[in-house]
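The values are calculated or read from the model by the stated rules, or taken from the named source; none is laboratory data. Model, not experiment: these values are computed from the prediction. Because the Cβ atoms are built from the backbone with ideal geometry, glycine has one as well, and the counts that use them run over all protein chains shown. With ligands, DNA and RNA removed, areas are computed over all heavy atoms of the protein, side chains included. Shrake-Rupley method; radii C 1.70, N 1.55, O 1.52, S 1.80 Å.
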Amino acid sequence: MNDSLSTLPAFEQLSRIPLYVPGKPILEVQRELGLTRIVKLASNENPWGPTEAVKARLASVISGSEFESLNLYPVSDGHYLRKRIAERKGVSLDRVILGNGSSELLELVAKAAFMDGGSAVIPRHSFAIYGIATQTAGGRIIESRASATEFDADDILRAVADDTRLVYLGHPNNPTGLRLERAAVERLMKNLREDIVLVVDQAYAEYEEPADYPDTASYLDQRPNLLVLHTFSKVHALAALRIGYGLGSKELMGYLERVRSPFNTNHLAQVAAEVAVQDLAFEAFSREKNGEARAAFMLQAGKHRCQLTGTGGNFVLMETAFPAVDLFNELLHRGVIVRPMQAYDLPNHIRVTLGKPEEMATFWNAAGPLLDGGC
Ligand SMILES: Cc1ncc(COP(=O)(O)O)c(C=O)c1O
């Protein structure tokens with residue numbers, strides 16, 4: 001890093017914040033290792049989409065009269081998509097905000113909450129952006145207790161400090177696949193100080209069985225300081241378009257509007273998401289396929305005596321008796337990209353996205369011999 005730049009106090013502070021390391025892109029692995037056939041199971045994308053209906057809508061933009069309007073800015077607040085989301089979720093339009101991926105909303109809420117400093121409570125082993133968003137907005141992290149196998153709602157409440165402005169909660173959590181049960185969600189809603197913004201990240205909620213899942217959106221009327229986040233990157237299979245949404249009270253949305261850049265979501269993403277959010281059949285199909293892939297994975301993992309934790313999301317977290325980065329590297333050389341979890345304080349775990357049957361077969365063909373002596 002350039003020395004004269006790091007003498008700026010803000011840059012010096014920034015240099016101490018860990019960089020987000022995304023899953024390795026397929027093209028990069030092809031280039032670096034000279035491999036042609038690569039399977040990527042590293043970023044929890046949905047292998048079953050996008051759908052033909054989304055394709056048709058995007059094609060209509062490219063080949064129809066809408067194409068000529070691409071010189072114009074998109075609808076700044078994504079009114080039409082927000083309307084569809086509001087209908088689907090049974091809330092009013094003024095309780096929906098869009099983000100350039102839900103990652104942007106994780107950052108926007110931090111920017112709003114930490115304008116005067118303060119702290120965020122974040123359970124250990126949570127999605128990296130929670131900590132990065134907190135620190136880059138000038139907030140301090142308080143880590144609450146959690147392990148690869150257990151989430152502790154009561155410790156979140158205990159960890160709250162006088163200056164706490166925000167609590168982040170993955171529900172279910174990435175990478176552990178854990179989520180709070182209904183009673184714990186209730187306790188959190190009831191006992192968390194009212195002036196603290198509770199951000200519940202439901203990026204993988206659609207993979208849960210609707211009847212069993214305690215959707216925290218049902219508390220929106222009770223708690224004005226609640227932000228429930230969803231994304232189009234996972235079950236809706238639109239990760240490349242970068243679009244997500246938040247649900248909250250009208251008051252909270254008013255504050256977030258002040259930190260949101262105008263035109264933060266683009267036209268193609270808005271129109272594709274309008275189609276995707278109405279497609280309940282594709283959601284159910286993806287959920288079913290994910291369930292099948294998880295059951296098949298558990299069977300194979302059992303054969304190799306590999307421990308898996310959590311059951312949420314479209315991924316598994318697998319424990320290894322040796323540094324998981326070694327397994328990651330071996331797999332990479334065999335054309336399979338997974339995610340080692342050392343950056344999440346889990347040096348002996350890898351996270352594997354649940355892909356199509358043929359992708360999972362490639363994974364086990366590569367991983368099986370490496371794990372023959374057990375995980
Ligand atoms: C828990 C969680 N939240 C949010 C995101 C961000 O999703 P996006 O910014 O693509 O909407 C991810 C992405 O992997 C995630 O795992």
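Potential lengthening of the chain between Ala321 and Leu72 amounts to 84.1 nm, from the contour at 0.36 nm per residue minus the alpha-carbon distance.
For the peptides 353-361, 15-23, residues were scored by their other Cβ atoms within 10 Å and the scores averaged per peptide; the highest-first order is 353-361, 15-23. Take every Cα pair under 8 Å whose residues are at least 6 apart in sequence, average their separation, divide by the length of the stretch 53-278, and the relative contact order is 28 percent. For the pair the stretch 315-352 and the stretch 112-171, the centres of their Cα atoms are 25 angstrom apart.
Beyond 23 Å in Cα-Cα separation lie the following of the pairs Lys234/Lys303; Lys40/Lys89; Lys55/Lys289; Lys55/Lys83; Lys111/Lys250; Lys111/Lys190: Lys234/Lys303; Lys40/Lys89; Lys111/Lys190. The per residue volume of the convex hull around the alpha-carbon atoms of the chain is 159 Å³. Note that the stretch 53-278 presents 42 Å² accessible area per residue, ligands and nucleic acids not counted, probe 1.4 Å.
Put a dot 7 Å past the Cα of Asn329, heading toward its Cβ, do the same for Ala284, and the two dots end up 4.8 nm apart. A Förster radius of 25 Å, combined with the Cβ-Cβ distance separating Lys55 from Glu87, puts the computed FRET efficiency at roughly 0.60. Per-residue surface analysis assigns Tyr255 an accessible area of about 150 Å², computed on protein heavy atoms at 1.4 Å probe radius. Accessible surface of the chain, 1.4 Å probe: 54 percent of it comes from carbon and sulfur atoms.
In a fully extended conformation the segment linking Arg140 and Gln300 would gain 53.4 nm over its present Cα-Cα distance, using 0.36 nm per residue. Counting 0.36 nm for each residue step from Glu257 to Met115 and taking away their Cα separation leaves a gain of 49.7 nm.
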